[in-house]
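These notes concern the structure reproduced below.
The values are calculated or read from the model by the stated rules, or taken from the named source; none is laboratory data. Here the structure is a predicted model, which means the values were calculated and not measured. Here the Cβ positions follow ideal geometry from the backbone for every residue, glycine too, while neighbour counts run over all protein chains shown.
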Amino acid sequence: MKKLMINLTHTSYNIYIEKGILANLGKYIKDVYNNKRIYIITDSNVEKIYLTNVFNSLKEYEVYSYAIKAGEESKNITSYQEVINFLLTKEIRRNDLIIALGGGVVGDLAGFVAATLYRGLPFINIPTSLLSQMDSSIGGKTGIDYYNRKNIIGAFKQPDLVLIDPDTLKTLDKREFNNGMGELIKHALIGNPKLFTKLLTKPEIDEEIIYESLLVKKKYVEEDEFDKGNRMILNFGHTFGHAIELNSDYKHGECVAIGMILAIRLGIDLGITNDSLLLDLKKILDLYELPYLDIDYHKLLHSIIYDKKNLAGVINFILIKNIGNPVIYKINEEDIKSI
Ligand code: GLY
């Protein structure tokens, strides 16, 4: 078992990483929750695989569950309403616990429900995809998509506890597993050179590797809980990545992979990034069958900088000098001309 604690100004919470923890939930939950009722929000895929096991490990509680339809498109205002209606029908009270059991969609949606219903309810996150274990289950960003914009309605809602079971990775299909590897590789690149070297040996993704990766996220979340400054370093690969995600069928971690390659090419062209990094990253992306597009990034960068929402014509771009050494670089029109 590995444990880490996220320490913030007004709260702190533990993350336990343990193989088989899903069969032992009661033991951890009783440390943070004293009431009787638990409301599990999950999705139609995760429900089939894990819900019976989870109910068995919560025998001392009165447990209700609701499954949204699996898939990205469920992260919307209709599902939000559906979940709230279910909870109210089941007479949820303001001190009852909400558990998110599933991937990022479930975690973001259930977290947003827990942030807003009664202005906030106890909340535990049990992420079952590698992508959500690596990223969205930690740090308190919750929300839904709206008006064709990702996460445009949301709130910061730190969980009271995060429970990660690496055994859940066994039921992910290869593409979904590699999708999570996109974020894991990102953490290694921005904060842990040893982890990067280890990943090149294609090790089993176990408690230790998840822990090492989350230490990188912990550092930035603790430094900048509300994402006003250095936390943006966690967005390495995301500026190009998000632009690609909006216009393609690639998954999030795949877009981050493509975005990291483009950010490294940009960094090399600006004289900031060490040239050898491009080959290193391509090697690791090949290993985990993650895509990179050999596209001309200039046009994409131009459209990002001159996006109508970006009136200043300058953006903060995350670049890395070498592995473990990220920088926030302000890119402007002059830079574009120079490259
Ligand atoms: N996903 C990046 C963050 O939590 O800030």
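Filtered by the rule that a residue be more than 17 Å from Arg231 (Cα to Cα) and within 14 Å of the ligand (Cβ to nearest atom), region 141-150 gives Gly143, Lys150. Is it the case, given these coordinates, that Leu121 is within 22 Å of Asp31 (Cβ to Cβ), out of contact with any Ser or Thr (no Cβ under 8 Å at 6 or more places or on another chain) and at pLDDT 95 or above? Answer is yes for this residue. State yes or no: is Leu101 aliphatic (A, V, I, L, M) and touching a residue at least 40 places away in the same chain (Cβ under 8 Å)? In short, yes. Pairs meeting the criteria (first residue in region 10-27 and at positive phi, second residue not in a strand (DSSP E or B), beta carbons under 7 Å, at least 6 apart or on different chains) are Gly20/Asp165; Gly20/Asp167. Looking across region 239-262, just one residue is within 12 Å of the ligand (Cβ to nearest atom) and free of Cβ contacts under 8 Å to residues at least 60 places away in the same chain, and that is Gly241. When restricted to residues that are part of a helix (DSSP H, G or I) and in contact (Cβ under 8 Å) with a residue 60 or more places away in the chain, region 159-200 contains 22.
Among the residues of region 11-52, those that are part of a helix (DSSP H, G or I), under 24 Å from Glu208 (Cβ atoms) and in contact with a helix residue (DSSP H, G or I) (Cβ under 8 Å, 6 or more places away or on another chain) comprise Ile21, Leu22, Ala23, Leu25, Tyr28, Tyr50.
Among the candidates Ile331, Ile272, the residue that is surrounded by 13 or more Cβ atoms within 10 Å (Cβ to Cβ) and at pLDDT below 95 is uniquely Ile331. Looking across region 82-140 at every residue that is within 16 Å of the ligand (Cβ to nearest atom) and charged (D, E, K, R), the one that is surrounded by the fewest Cβ atoms within 10 Å (Cβ to Cβ) is identified as Asp108. Note on region 217-236: residues that are near the ligand (Cβ under 9 Å from one of its atoms), out of contact with any strand residue (DSSP E or B) (no Cβ under 7 Å at 6 or more places or on another chain) and not charged (D, E, K, R) amount to 2.
Counting residues in region 303-310 that are aliphatic (A, V, I, L, M), assigned to a loop (DSSP other than H, G, I, E, B) and either over 23 Å from the mean Cα position of the chain (by Cα) or buried (at least 19 other Cβ atoms within 10 Å of the Cβ) (or both) gives zero.
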